[in-house]
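Chemist: My structure is below; once you've seen it, I'll send some questions.
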Amino acid sequence: MRIDVLGVGFDALDRDAALDRAQAWLDGGTPRYIVTPNAEIAYAALRDAALRDALNGADMVLPDGIGIVKASRQLGRPLRERVPGAEFGPGLAARMAAQGKRLYLLGAKPGVAEEAADRLRREHPGLVVCGARDGYFQDDADVLADIARAKPDVIFVCLGAPKQELWMRRNLDSVGPALMLGLGGTLDMLAGRVKRAPAVFRKLGLEWLYRLAHPSRWRRAAALPRFVMAVRRQRRHEKKGR
């Protein structure tokens, strides 16, 4: 079941159920992709039809931020919990390691994907990181050729929104039988370049507040009040339609 928040349908799954579903897809031989929108991305999709279609066309849509979960509660259709991409990706990598599955890393600045690959190999013996490439490319064809040679089971696509969502939708039929995950800045965290918020912030759903300590996040955070107002408008509209 999917729950509508500003026109984006989120899957009502907790973290373990989402990982179980993703793991079951690994042997299916069908190309799929998973997205992890937060409130900022959901609000952007309200005005960007291509992004909205890419999100809703995904095989799984997970609520990355607490804002989405709170919005679903306000709309009377509560999601179970937030499933951050920064946790979902490594969680799936750990399961892949037990099966000797192959992972390809795509995105971030030059050198970051390789650093993330080294750390993943150390932390998850048995995981085959079969390729790593930065996000500074102009031609999809070159990247797709490298992916074809690597033959991954899973691809972490970390190009940032909306680029990663549009890239996955556009290339769904060109990556072989791989599962793609749109994970934003996760490679920077896996490489140790960026630290996640302390556990107390994450537990209280205040990871967004911790991120505001970085000036580069201020402009993006400006979307949050507009997201809240848009959810209120959706709630009023739905009440009138009953």
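Chemist: Go through Gly57, Gly67, Gly29 for me and flag whichever is under 16 Å from Met168 (Cβ atoms) and either free of Cβ contacts under 8 Å to residues at least 60 places away in the same chain or open to solvent by 10 Å² or more (accessible area, probe 1.4 Å) (or both).
Modeler: Of Gly57, Gly67, Gly29, the one residue that is under 16 Å from Met168 (Cβ atoms) and either free of Cβ contacts under 8 Å to residues at least 60 places away in the same chain or open to solvent by 10 Å² or more (accessible area, probe 1.4 Å) (or both) is Gly57.
Chemist: Looking at segment 129-171, which of its residues are open to solvent by 40 Å² or more (accessible area, probe 1.4 Å), under 20 Å from the mean Cα position of the chain (by Cα) and in contact (Cβ under 8 Å) with a residue 40 or more places away in the chain?
Modeler: Ala161, Pro162, Leu166, Arg169
Chemist: Kindly indicate whether any position in segment 15-33 is in contact with a Ser or Thr (Cβ under 7 Å, 6 or more places away or on another chain) and of a type in the set (Gly, Ala, Ser).
Modeler: Checked against the condition, which is being in contact with a Ser or Thr (Cβ under 7 Å, 6 or more places away or on another chain) and of a type in the set (Gly, Ala, Ser), segment 15-33 yields no hits at all.
Chemist: Please count how many residues of segment 95-107 are part of a helix (DSSP H, G or I) and of a type in the set (D, E, K, R).
Modeler: The number of residues fulfilling the criteria is 1.
Chemist: Right, next: Could you figure out which of (1) open to solvent by less than 50 Å² (accessible area, probe 1.4 Å); (2) at pLDDT 95 or above; (3) of a type in the set (A, V, I, L, M) isn't true of Ala50?
Modeler: Looking at each condition in turn, Ala50 falls short on (1).
Chemist: Quick check on segment 76-94: of everything there that is hydrophobic (A, V, I, L, M, F, W, C) and assigned to a helix (DSSP H, G or I), which residue is most open to solvent (accessible area, probe 1.4 Å)?
Modeler: By that ranking, first place goes to Ala94.
Chemist: Something else now. Quick check: anything in segment 108-116 assigned to a strand (DSSP E or B) and modelled with pLDDT of 95 or more?
Modeler: No: segment 108-116 contains no residue that is assigned to a strand (DSSP E or B) and modelled with pLDDT of 95 or more.
Chemist: From the list Ile34, Ile41, pick out the single residue that is outside any loop (DSSP other than H, G, I, E, B) and either open to solvent by less than 20 Å² (accessible area, probe 1.4 Å) or touching a Phe, Trp or Tyr at 6+ places or on another chain (Cβ under 6 Å) (or both).
Modeler: Ile34
Chemist: Select, from Ala58, Ala44, Ala113, the only residue that is more than 26 Å from Leu19 (Cβ to Cβ) and in contact with a helix residue (DSSP H, G or I) (Cβ under 9 Å, 6 or more places away or on another chain).
Modeler: None of the others qualify; the one that does is Ala44.
The values are calculated or read from the model by the stated rules, or taken from the named source; none is laboratory data. Here the structure is a predicted model, which is why all the values come from computation and not from measurement. Using ideal geometry, Cβ is built from the backbone for each residue, glycine included, and neighbour counts are taken over all protein chains shown. Ligands, DNA and RNA are stripped out before the accessible areas are found, and what is left, the full protein with its side chains, is counted by its heavy atoms. Shrake-Rupley method; radii C 1.70, N 1.55, O 1.52, S 1.80 Å.
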